[in-house]
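Written below as structure tokens is the structure these notes are about.
The numbers here are math on the coordinates, done by the rules we state, and not lab data. For clarity, every value in this text was computed on a predicted model and none was experimentally measured. Heads up, the Cβs are rebuilt from the backbone with ideal geometry, glycines too, and the neighbour counts pull from every protein chain shown.
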Amino acid sequence: MNIYLVQLVIFVLPVVSLILGAVGYFIFKNIYITPVIVAIAAIISTFVVFNSSFWIWVVIYTMLSLVSGFIVKLLSSKRRLKHS
């Protein structure tokens, strides 16, 4: 496996998943849509770019996206309650 591909999988894609989860909540106002999109993209890349060992990363990226969307939802709801 190429060293740049390893760096991409370990460092770049998790950060992208976190950012997409947060931004996706603001766009869709739903914490589940962005993780589904991340999961679909990761599953497609499993078959196109990577191999079957990438499945664990599919789960990790999906969960990161879900968690970041949930955190943003909590923070934005607390902010709304504070300003009300």
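Based on DSSP H segments of at least four residues, each scored -39500 (n - 2.57), the chain has a per-residue ellipticity at 222 nm of -26000 deg cm²/dmol. For residue 50, no residue has an amide H sitting under 5 Å from its own, ignoring neighbours fewer than 5 places away on the same chain, with H placed 1.01 Å from N.
I need to check one value: relative contact order of the chain, counting alpha carbon pairs closer than 8 Å and at least 6 residues apart, in percent. All intermediate terms of the calculation are to be shown ahead of the outcome.
Details: 70 pairs, mean separation 32.8, N = 84.
In percent, rounded to a whole number, it is 39.
What Kirkwood Rh does the stretch 14-83 have if only Cα atoms enter the pairwise 1/r average? Answer in Å. If you can, show how the numbers build up before the last one.
On the way: mean 1/r = 0.0811 Å⁻¹.
Final number for the Kirkwood radius of the stretch 14-83 is 12.3 Å.
Calculated FRET efficiency, residue 50 to residue 82, Cβ-Cβ distance, R0 = 30 Å: about 0.10 to the nearest 0.05.
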